[in-house]
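The values are calculated or read from the model by the stated rules, or taken from the named source; none is laboratory data. What you are looking at is a predicted structure, and each value in this text was computed from that prediction instead of being measured. Reconstructed Cβ throughout: ideal geometry from the backbone, glycine too, with neighbour counts over all protein chains shown.
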Amino acid sequence: MNKEKLSIVILAAGKGSRMKSNTAKVLHNISGRPMLYHIIKASLEISNDVTVVIAHQKERVQAEMEKYFDNINFVVQDAENFPGTGGAMKNVTPKNEKVLVLNGDMPLITPEALHGFITTDADIIMSIFDLKDPSGYGRVIINNGVVEYIVEQKDASKAELLTTTVNAGIYAFKKDILEKYIPLLSNDNAQEEYYLTDIIAMAKKDDVTIVPLLVDEEHFKGVNSKKDLADSEVIMQERIKTAFMQEGVIMQLPHTIYIESEVQILGESIIENNVRITGNSVIDNAHIKAGSVVEDSIVKNSDVGPMAHLRPLSNIKDTHIGNFVETKKATLKGVKAGHLSYIGDAEVDEGTNIGAGVITCNYDGIKKYQTKIGKNVFVGSDSQLVAPVTIENDVMIAAGTTLTSGTVQKGNLAISRAKLRTIKDFYYKFFEKK
Ligand code: UD1
Ligand code: MG
């Protein structure tokens, strides 16, 4: 099936009250991106007509998604008059003959997992799974292999509640089926909502073909609570890390590592335990040691940590970053910064050594300033570089120097120290101990 044959509608208009949050449910993050982002991304791989239905916090949801996508349609649900998943479908006008309806709270779906909905030919294909604990889901009543109806938990009788076959919440409809039944839905139920799921009972009466597809919870889990969010995160992380290990990345105690969905790890990189890598970071043939955090940064042919913090826009190449070093908007090429430093808004060139405790003082309380350090510079321990400052090639900065604005020229030594005084027997006089 090609992209032109399938339309996808993603229902993302609900409040998500069970999340107990001021943020719309579909904007909660899984592996660094909103749940809805993951669903749209998977959808665009199999369809050229993706519609997102919004209502609750609609401006915010749309603006968030438009940061990432410019080829999706937004439809606003009249949630006041037509609440519920059926109400959400009212204003939708899909272009293609088959319409896949996805819930916006299923961040774990993949194009491969949706394959069955595309290849099966029926008027309605619906997703089911069997759960030990079906609570929260709509129950699917099947007799002799034939789907009869779906009943929501809040409307179910005691006998119906015992059913462990549940509606996973994904359906493929022929377009004319939707056009026929959506206007016929009523809100005569416990929640006074228009349930999309009621289509099944109506269609069954009319002898429409309904095929149930057994799906797995690992791809079709719905997120309704913060606990579901955490459980889905574990599954997504497992997926992300497994893919990297299959590509040759070494991970030590992978269950302690967190890697966001857009991160790239290339070559034979090593990621030690308790590492966190976020945003659009690229780790290329690098060794990230235990407890380090890398945010939106590039690390190539370098080793970092343990317990280093690369903040956004660090660009680290052929470099050694040791423990307790923090960088931010800093380009380091061929550098050694072994211990306890802050290097922010800086460029540091090859052959340069940054001693322990060196700090770029990049902020005066109002503005940020740049530090430029050339090649083969030796910056002695505990120096403060008060930016803006430029250090040319082949310079020595003596330990403990406070370097204020200006340029240190090639070949020079900069030293700022109070002259050492020693006062004989001061200790004994002070404590009157002699
Ligand atoms: C829904 C199904 C249930 C199924 C479950 C699977 C219905 C009536 N029930 O229940 O059978 O087992 O999914 O996860 O469909 N939404 C709107 N507009 C609304 C209400 C909801 O767009 O007015 C969206 C939500 O943003 C969400 C999705 O529809 O992404 C599902 O809504 P939710 O409230 O989570 O439905 P469930 O109670 O989980
Ligand atoms: Mg749900």
Any idea how many residues of the range 292-305 are under 21 Å from the mean Cα position of the chain (by Cα) and surrounded by fewer than 18 Cβ atoms within 10 Å (Cβ to Cβ)?
0
Got a sec? Which of 62, 77 is away from ligand 2 (no atom under 15 Å from the Cβ) and surrounded by 24 or more Cβ atoms within 10 Å (Cβ to Cβ)?
77
Criterion first (within 22 Å of the chain's Cα centre (by Cα), surrounded by 15 or more Cβ atoms within 10 Å (Cβ to Cβ), away from ligand 2 (no atom under 16 Å from the Cβ) and not assigned by TED's automatic domain parsing to the domain that holds residue 110) does residue 259 satisfy it?
yes
Neighbours by Cβ (under 6 Å, 6+ apart or cross-chain): first from the range 117-136, in the same structural domain as residue 176 (by TED's automatic domain parsing); second of a type in the set (Lys, Arg) and modelled with pLDDT of 95 or more
123/174
Scan of the range 153-183 for residues that are under 22 Å from residue 218 (Cα atoms) and either more than 11 Å from ligand 1 (Cβ to nearest atom) or not in a strand (DSSP E or B) (or both), ordered by number:
153, 163, 164, 172
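Would you confirm whether any residue within the range 86-94 is of a type in the set (D, E, K, R), within 23 Å of residue 168 (Cβ to Cβ) and away from ligand 2 (no atom under 14 Å from the Cβ)?
Within the range 86-94, one or more residues are of a type in the set (D, E, K, R), within 23 Å of residue 168 (Cβ to Cβ) and away from ligand 2 (no atom under 14 Å from the Cβ).
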So, first residue surrounded by 15 or more Cβ atoms within 10 Å (Cβ to Cβ) in the range 358-373, second residue at pLDDT 95 or above and among the basic types (Lys, Arg), Cβ within less than 8 Å, six or more apart or across chains; the pairs are 362/368
Subset tally (residues that are away from ligand 2 (no atom under 12 Å from the Cβ), assigned to a loop (DSSP other than H, G, I, E, B) and either among the aliphatic types (A, V, I, L, M) or in contact with a helix residue (DSSP H, G or I) (Cβ under 6 Å, 6 or more places away or on another chain) (or both)) for the range 14-39:
3
Which strands (runs of 3 or more DSSP E) does the range 323-428 wholly contain that include 1 or more residues that are of a type in the set (Ser, Thr, Tyr) and touching a strand residue (DSSP E or B) at 6+ places or on another chain (Cβ under 6 Å)?
326-333, 342-348, 359-361, 371-373, 389-391, 406-408
